[in-house]
Amino acid sequence: MSKGALTYGTPTRSVVDYFHFFYLGLANHFFNKIPSYFIRKMIYRHLYRMKIGRHTNIQMGVRVYAPWKIAIGNNCSIGHDSLLDGRRGIKIGNSVDIAGHVKIFTLGHDLNDPSYKTTGATVTIEDEASVFTGAYVLPGRTIKRGSVIALGSVVTRDTEEWTVYGGNPARKINVRRIDHLTYQRNYKRYFH
């Protein structure tokens with residue numbers, strides 16, 4: 001270990017951990033409840049270094065882990081009370097609609113490792129995809145362009161473009177009859 005490195009259990013490391021979790025706690029228990037899209041977006045961009053595109057709305061109650069590893073494109077909507085676990089990275093394309101109560105995970109534990117080590121990978125959601133209310137996306141998954149994840153589904157593997165998935169685990173249930181979208185997904189409800 002290098003000289004001066006912080007180790008768990010040391011008083012210095014405890015102070016650093018305290019302020020790190022306090023910093024994230026402000027995002028997840030205070031700033032995410034401010035009833036203004038504009039103010040929340042400015043705080044996420046400038047205080048938490050989250051990359052957020054133009055005309056993208058993050059509704060109230062969204063929880064974020066490692067927001068500096070989250071990139072969201074243009075014309076997106078992130079629904080209320082969702083979780084964006086950016087610890088291994090989240091990449092969200094343009095015109096993506098993520099409904100409320102969606103959970104996107106990038107980190108978990110190796111159940112076969114005696115030390116229960118963490119394991120995970122980046123989640124990618126490509127352009128024009130939709131993730132409906134209550135869906136879960138597991139670490140390392142890619143939701144391809146135009147894919148739809150149905151209500152309450154659990155995404156355990158990558159999807160195909162312009163295809164509808166549903167269930168637990170999510171399975172292909174339909175193919176969309178379009179290959180591009182023309183409407184804007186920047187829906188706003190004021191004071192949300």
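The values are calculated or read from the model by the stated rules, or taken from the named source; none is laboratory data. Values in this document were obtained by computation on a predicted structure and should not be read as measured data. Reconstructed Cβ throughout: ideal geometry from the backbone, glycine too, with neighbour counts over all protein chains shown. Remember, those area values only see protein heavy atoms, side chains included, never the ligands or the DNA or RNA. Shrake-Rupley method; radii C 1.70, N 1.55, O 1.52, S 1.80 Å.
General remarks:
- Per the conditions (1) touching a Phe, Trp or Tyr at 6+ places or on another chain (Cβ under 7 Å); (2) at pLDDT below 95, the sole criterion not satisfied by Gly108 is (1).
- The set of residues from region 120-140 being touching a Lys or Arg at 6+ places or on another chain (Cβ under 7 Å), β-branched (Val, Ile, Thr) and surrounded by fewer than 22 Cβ atoms within 10 Å (Cβ to Cβ) comprises Thr122, Thr124.
- Qualifying residue in region 28-35 (condition: touching a helix residue (DSSP H, G or I) at 6+ places or on another chain (Cβ under 8 Å) and open to solvent by 10 Å² or more (accessible area, probe 1.4 Å)): yes
- Filter result for Thr118 (out of contact with any Cys (no Cβ under 6 Å at 6 or more places or on another chain), without any contact (Cβ under 8 Å) to a residue 60 or more places away in the chain and under 19 Å from Val154 (Cα atoms)): no
- Scanning region 30-88 for residues that are of a type in the set (A, V, I, L, M) and part of a helix (DSSP H, G or I) yields Ile39, Met42, Ile43.
- For region 100-119, taking the residues that are touching a His at 6+ places or on another chain (Cβ under 9 Å) and not basic (Lys, Arg), the one that is least open to solvent (accessible area, probe 1.4 Å) is identified as Gly100.
- Test result for Lys69, open to solvent by 30 Å² or more (accessible area, probe 1.4 Å), within 11 Å of the chain's Cα centre (by Cα) and over 22 Å from Gly134 (Cα atoms): yes
- Residue in region 42-49 that is open to solvent by less than 10 Å² (accessible area, probe 1.4 Å), at pLDDT 95 or above and within 30 Å of Lys144 (Cβ to Cβ) present: yes
- Pairs, first closer than 18 Å to Asp97 by Cα in region 34-63, second open to solvent by less than 20 Å² (accessible area, probe 1.4 Å) and of a type in the set (D, E, K, R), C-beta under 6 Å, six or more apart: Ile58/Arg40
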